[in-house]
1. Using the Karplus equation 6.51 cos²θ - 1.76 cosθ + 1.60 (θ = phi - 60°), what ³J(HN,Hα) coupling, rounded to whole Hz, does each residue of the range 27-34 give in order, writing x for Gly and Pro?
2. Could you tell me the convex hull volume per residue, in Å³, taken over the Cα atoms of the range 76-119?
3. I'd like to check one number: the per residue accessible area of the range 129-193, probe 1.4 Å, reported in Å² as a whole number.
4. Would you please give the residues with an amide H less than 5 Å from that of Ala186, counting only those at least 5 places away or on a separate chain, with H modeled from the backbone geometry?
5. For the range 208-355, what's the radius of gyration and Dmax over Cα atoms, in angstrom?
6. When the Kirkwood radius is taken over all Cα pairs of the range 302-399, what Stokes-Einstein diffusion coefficient follows at 37 °C and 0.692 mPa s, in µm²/s?
7. Output the Cα-based Rg and Dmax of the chain in Å, rounding Rg to one decimal and Dmax to a whole number.
8. Would you please put 78-86, 322-330, 338-346 in order of how densely packed they are, using the mean number of other Cβ atoms within 10 angstrom per residue and starting with the highest?
Amino acid sequence: MAVKVTQEECIGCSVCVSTCPFGAIVMEDGKALITDACTACGACLDVCPVGAIHREVEEKNVAMNKDEFKGVWVYIEQVDGQARNVGYELLNEARKLADAMGQEVAAVLIGGNVAGLTKEVFARGADKVYLVEGKEFAHYSTDAYTITLTDLIHTYKPAVILMGATNDGRDLGPRVACRVGTGLTADCTNLGIDEASGLVAWTRPAFGGNIMATILCPDHRPQMGTIRPNVFKRAEPDYSRLGEIIKVASKVKDTDIRTKLLDIIRVGTESANLEEAEIIVSGGRGMTKPESFALIEELAHVLGGAVGASRAVVDAGWKPALHQVGQTGKTVGPKVYFACGISGAIQHVAGMSSSDIVIAINKDPEAPIFKIANYGIVGDVMEVIPALIDEIKKSKAAG
């Protein structure tokens, strides 16, 4: 998008010349002329008294043969050679999309030494694996992974790509989408097939979570989106499944990587690892004060679980944002979820409704959380939680 001067409208007042912070506007034959030094900052747009300066959208040929793009891909994110759960969750959903579209499911594995993951990837639903290995992929690198995934897309032309809405996925997805000239729907909470067009229907929260928007990508390929972890369930693995492994040589050169990994500093504790936790104990405003969260942390500790929190707790500064569960926090799907002093606002429920078992503790018998809870305890959390902790400790001591 460039800044241009309509010569017929320019009156030669030269106001724009002194306004430009980069000296990119000169007067020529009594008219303003924008030179190659222009950065399109737009500082000159509002100062022109006759509106002769405007932004010009460059026309690009975006026509493509969409029939060339086939298959549903899942990017399998891994850390230290171990696949993150979100990749397996997305393989299950990709299988449904691919079956509806009459296409195959392929997984993309990029890493230092990740060939050992292919068996599990096939068992979880992939028909094919694109495998790229090299020392440059031992740790996630924006440059190396972007170059590699972009090259795979240009070469093999997938119709759909699913990625986890993790820290790495949110970094990689938009960069790749920009390079291949397509759009990306971020932070999706649901997927489907639009009946009228046959396109993937990407659903995500919008306007601060007040509405759910369904987005289509009709003109560009691949259709791309990042999906929150724990939105979908993993399929049971079928280790009799086999597939095709396509080994792709890395095209990344040392000079392509603009950053250097100096050290890895692991912060936080297991109690904050919500996405991978099988048991989560969350506290809400009903805990009354930040000091009361010691009970939440102790209950989580004796259960071997993670600590969660509602948005109200995070906004109040009682717990850091990495503990927040909900539509504007983390989406979780543990085997057991304790909701302690949490009323059950729809924004919070959206982040934990896929939990296998929900146990709610609240002194208000009409609290909305009880409508989705498998088990409910009506009582003061300050009395119920200590009693639970004592019983769990007694049970452990008894063997």
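1. 9, 9, 6, x, 10, 6, 10, 8
2. 64
3. 34
4. Counting only residues 5 or more places away or on other chains, the set is Thr226.
5. Cα only, the range 208-355: 19.9, 57 Å (Rg, Dmax).
6. Values: Rh = 14.0 Å.
D, rounded to a whole number, is 235 µm²/s.
7. 26.3, 95
8. Packing proxy ranking, top to bottom: 338-346, 322-330, 78-86.
The values are calculated or read from the model by the stated rules, or taken from the named source; none is laboratory data. Bear in mind that the values here come from a model prediction, so they are computed numbers and not experimental data. Because the Cβ atoms are built from the backbone with ideal geometry, glycine has one as well, and the counts that use them run over all protein chains shown. These accessible areas exclude ligands, DNA and RNA; they are computed on the full protein's heavy atoms, side chains included. Shrake-Rupley method; radii C 1.70, N 1.55, O 1.52, S 1.80 Å.
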